[in-house]
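Q: Before I ask anything, let me first share the structure, which is written out below as structure tokens.
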Amino acid sequence: MEEADRILIHSLRQAGSAIPEDVQSLRAFTAELAVAAVVGCLQVLRPSLSSSLSAHLPPGMSARFRLGMSLAQACSDLGYPRELGYQSFLYPSEPDLRQLLLFLAERLPPDPTQESAQPSVGESAILLRAVGAQVRELLTEPWVPPALRPQKYQDRVPLKPLHVQPFVFPKANTPEGASEVQEFQGGPLVPPVPAQIPCQAIRAASFLEEHTAQLREVPEGDAPGDADKACRRCLAPRLVEQLRQNWGQATSSASGARGPGRELGELLCTWGPRGKGSRFTHAEKFTFAQEEKVAHAPPLAPAQHPSPLSPLSPAHLEREVQAGQEAELASLQGCLELVGHSIQEAGATMKRLTLSTGQIEAEAHQDWLSATEREQARRLKRRAVDLLPDAPSNLAKLQVVVEASAQRVIHLTGQWERHRVPLLAEYRALKKRRDQRELESSHRAAELQALQDCVRVAAAEARRKEGLHKQLVAELETLPGDMARSAYTHRILEIVGSIRKQKEEITKILSDTKLLQKEINALSGKLDRTFAVTDELVFKDAKKDDSVRKAYKYLAALHENCSQLIQTIEDTGTILREVRDLEEQIETETGKKTLSNLDKILEDYKAVRQENAGLLGRVHEA
Amino acid sequence: MELSEYVQRGCQMLADPGCFDLAAFALVLRAAFRSLLEARADEAVLDHPDLKHIDPLVLKHSHAALATCILEAGKQKADKSTLSACLEDCKFDRERIELFCTEYQKNKNSLEILLGSIGRCPLLISDVSWRLEYQIKTNQLHKLYRPSYLVTLNVEDSRSHPDISFNCTMEQLQDLVGKLKDAAKSLERATQM
């Protein structure tokens, strides 16, 4: 019971009842504690009731009675099967209270730890939750085309998209700045800072952004991660302080009806004058400020404000900006056209020149070819002319030479044939081998492709599994780290083990009893049989002998007495069992303390009557 | 109103009577307002004969600082007391503060209209369309055989702003898609807090 009580008390604590640490079993529960525990459970189960129930016992008797009755009513509404009265709470008896609390604890939601842990989380978690709620709200909104959106006041002036460009900021008197840099910045190449960006709105936005960056003291060219960190470093303490202040105000004003998102917006608004924050908050801030301003006091007509500069109405401003942009665009386009034109001209000239170069080269080549041809013809003719003086002998010589060369040609042809055949065979064999190799390599390539596919599939699988692992780890982390859980499981297992041991003992006793029963049955059977045989024997002899007749009578009497004795013993056993049952019943009844409870109830009744009488008297007096 | 060190240094130079006399200060002040409020910024805004004797670097620095100061004041809707407190921190004397405040009051409306016309966010993307092209060769490379994506992001309010078009390789597009997915996941995680 101790273990069960401890588990029960643990779950009651989780439901939000303030039970002191030293209370370890239900026996130590006072009326106060019982009421607190039941009210705690009811607050979780029936949040609507919680306003009418207080966890503390009121001092007046009638108020106590009313609280007890309403608790009893609420419990029976939840479906508690047993009878409940106010005395069950004010004078709790251990078994009844255990039944009731078990009934309530079973109905508690499975994971009340989160609800009970909620009030203890830090401010940052509250902020994150508020941000999450806001984002969720925005995500559930469907997208609407801009034409169908409700027009806000400031949307009548078409807004320029927020765009920021970097500046070159001339720095005077920098100790580390090199003199060349200063000279460059002071020179005519760097225009005054506002003139570096042509568009007016971008200029203003860039100025503000740059100033915010300077305020944050993030060094230029730092890694974005570092900048982010630095920003956070200087933002965090301010955030916490601001949240603490506003949170305190919000809770003390006790108007808890506002959603967390709205509160966040207000928090951020209260931040305004500090001049720090992201570019979005800045932009939002000054547009809101603008809106307010416009809403409170419509802008005066420009004529009422004499100014040396041209006064800017939205339309005027727009027109001027557009005109400026158009003029710039036109000049740039003119420039572009001019440059394009010159590029085209140069291209045409180049093409023409390349063409003529090609022509000239071709002509030169042709000339060279014809020159070499003519040179050859000339050489031939020269040799023929040389041979002319001794014509017949030269002719014979030439004939011999021609014949010899004809012979040589025949000889060479034969030789060529001899070489050609094996070379051709080799060529064919090589060709065949090459084909084979090609086939093989294509096979290999296909295999390689398949392997690569395999690798890709495996990699994808690995990535998927990694993701799954990460998700599971995250899930594991989000699971409530219930320390008591394992301890309780351990205890439950122990209890189950002891129950199993008890069961074994019970079966042992049962088998013993059965064995005994069997023995008794065997003995009584033996007795019956012995008696029957003896009876028969003695009865046969009894007809002849007188003393034997007497013995027979004694035998019958003995048998009868013995059976009576056995009967008596059995009766005694049943009576003893009944006595034990009754004793148990008496014990449970005395455990309920009915009498003392009755006394207490009577006293309560008297107290209520007294109170009523006092009240009546006061009414009369009044 | 909080001013950065750069701006404070620039304002302190302006407040120094040895550097800028009162007339020069008034000139720089008007130039700062003019260069902020005019649609086309004039590069010659500081080319005034009375400012010739001042070091151009100091002049530009003070001019930028003053412009930032004016914009910041407009953003915070600073009233006269805030302004004078802030300027006193920069060692301005009474006359200069007076001059600044009158000039600021004169141009306050225009300044607010200018600040109000700045949008709250970059362009909103409402849709995207894309095309796949396959490059076979280029002027420089004989063989290329590479796919490339032509992406067009449709922006909301497309009357005043043209759509954004760009082309990218497959890796770049994958990178972009991965980053977008990361962003979506981060948002989702934020909602589950």
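Q: To the nearest 20 Debye, how big is the dipole of the stretch A:2-120 about its Cα centre, given +1 on the beta carbon of each Lys and Arg and -1 on that of each Asp and Glu?
A: Working: 9 positive and 13 negative charges, 78 e Å.
About 380 debye.
Q: If a cysteine in chain B has no other Cys Cβ under 4.7 Å from its own Cβ, put it on the list, ordered by number.
A: For chain B, the answer is B:Cys19, B:Cys69, B:Cys86, B:Cys101, B:Cys121, B:Cys168, because their Cβ atoms have no other cysteine Cβ under 4.7 Å.
Q: What does the average come to when, for each residue of peptide B:72-79, you count the partner chain Cβ atoms lying within 10 Å of its Cβ?
A: Across B:72-79, the average partner-chain Cβ count within 10 Å equals 5.
Q: For the stretch A:458-516 and the stretch A:354-400, write down the distance between their C-alpha centroids in whole Å.
A: A separation of 110 Å, based on Cα centres.
Q: Across the stretch A:92-105, in residue order, what do the Karplus-derived ³J(HN,Hα) couplings come to in whole Hz, using 6.51 cos²θ - 1.76 cosθ + 1.60 with θ = phi - 60° and x for Gly and Pro?
A: My calculation for the stretch A:92-105 gives x, 9, 4, x, 4, 5, 4, 4, 5, 5, 4, 4, 5, 5 Hz in order.
Q: Further question on the same structure: Over the stretch A:2-120, what is the relative contact order in percent, taking alpha-carbon pairs closer than 8 angstrom and at least six residues apart?
A: 31 percent
Q: Considering only B:Gly18, B:His53, B:Phe33, whose Cα is most displaced toward the positive end of the charge dipole of the stretch B:5-116, charges sitting on Cβ of Lys, Arg (+1) and Asp, Glu (-1)?
A: B:Phe33
Q: OK, next. Among A:323-333, A:2-12, how do they line up by average Cβ neighbours within 10 Å per residue, starting with the highest?
A: Highest to lowest by the protection proxy: A:2-12, A:323-333.
Q: Treat every Asp and Glu Cβ in chain B as -1 and every Lys and Arg Cβ as +1, leave all other atoms uncharged, and give the resulting dipole magnitude about the Cα centre to the nearest 20 debye. Numbers along the way, then the final one.
A: Values: 24 positive and 28 negative charges, 159 e Å.
In debye, rounded to 20, chain B gives about 760.
Q: Over all alpha-carbon pairs of the stretch A:302-460, lay out the pair-distance distribution in 5 Å bins, whole %, shortest bin first.
A: It works out to 1, 6, 4, 4, 5, 4, 5, 5, 5, 7, 8, 8, 6, 5, 5, 4, 4, 3, 2, 2, 2, 2, 1, 1, 1, 0, 0, in whole percents.
Q: Okay, next question. Under a no-solvent Debye model with one identical scatterer per Cα of the stretch A:487-591, what's log10 I(q)/I(0) at q = 0.16, 0.19, 0.22 Å⁻¹?
A: Taking Cα atoms of the stretch A:487-591 as identical point scatterers yields -0.95, -1.07, -1.15.
Q: So how long is each side of the stretch A:2-120 along the principal axes, counting just the alpha-carbon atoms, biggest first, in Å?
A: On the principal axes, the stretch A:2-120 reaches 36, 32, 29 Å in Cα extent.
Q: So what's Rg/Rh here for the stretch B:125-191, counting alpha carbon atoms and using the Kirkwood radius for Rh? Write out the running numbers ahead of the final one.
A: Working: Rg = 15.8 Å, Rh = 14.2 Å.
Value, to two decimals: 1.12.
Q: Using the beta-carbon distance between A:Arg107 and B:Leu141 and R0 = 60 Å, what value does 1/(1 + (r/R0)^6) give for FRET efficiency, to the nearest 0.05? Walk me through the intermediate numbers first.
A: On the way: r = 76 Å, r/R0 = 1.26.
After rounding, the FRET efficiency stands at 0.20.
Q: Mind sorting B:Val155, B:Val28 by how few other Cβ atoms lie within 10 Å of their own Cβ, fewest first?
A: B:Val155, B:Val28
Q: So, one more: Which values of log₁₀ I(q)/I(0), to two decimal places, follow from the Debye formula for the stretch B:61-193 at q = 0.09, 0.14, 0.15, 0.19 Å⁻¹ with a uniform point scatterer at every Cα?
A: Calculated log10 I(q)/I(0) at the listed q: -0.60, -0.83, -0.87, -1.08.
Q: Give me A:Leu493, A:Leu33 sorted ascending by neighbouring Cβ count inside 10 Å, so fewest comes first.
A: Ordered from fewest to most neighbouring Cβ atoms within 10 Å, A:Leu493, A:Leu33 come out as A:Leu493, A:Leu33.
Q: Can you tell which of A:Phe539, A:Ser563, A:Ile575 lies farthest toward the positive end of the dipole of the stretch A:487-591, using +1 and -1 charges on the Cβ of basic and acidic side chains (Lys, Arg; Asp, Glu)?
A: Result: A:Phe539, furthest along the dipole toward the positive end.
Q: For the stretch A:430-496, what is one quarter of the convex hull surface built on the Cα atoms, given in nm²?
A: 8.5 nm²
Q: In Å and on Cα atoms, what radius of gyration and Dmax does the stretch A:390-477 show?
A: 36.7, 119
Q: Starting from 0.36 nm per residue, how many nanometres of slack lie between A:Glu519 and A:Leu468 once their C-alpha separation is accounted for?
A: Working it through step by step, the gained length comes to 11.6 nm.
Q: Suppose R0 equals 41 Å. What FRET efficiency, 1/(1 + (r/R0)^6) with r the Cβ-Cβ distance, do A:Gln165 and A:Ala125 give to the nearest 0.05?
A: About 0.60, to the nearest 0.05.
Q: Give the average over all directions of the projected area of the C-alpha convex hull of the stretch B:5-116, one decimal, in nm².
A: With every direction weighted equally, the projected area is 6.5 nm².
Q: Now a separate question. What does the structure give for A:125-136 when I average, per residue, the other chain Cβ atoms found within 10 Å of the residue Cβ?
A: Per residue, the average neighbour count from other chains is 3.
Read-outs throughout are calculated quantities, based only on the coordinates presented, and are distinct from any laboratory measurement. Here the structure is a predicted model, which means the values were calculated and not measured. Don't worry about glycine lacking a Cβ; one is built from the backbone with ideal geometry, like all the others, and counts go over all protein chains shown.
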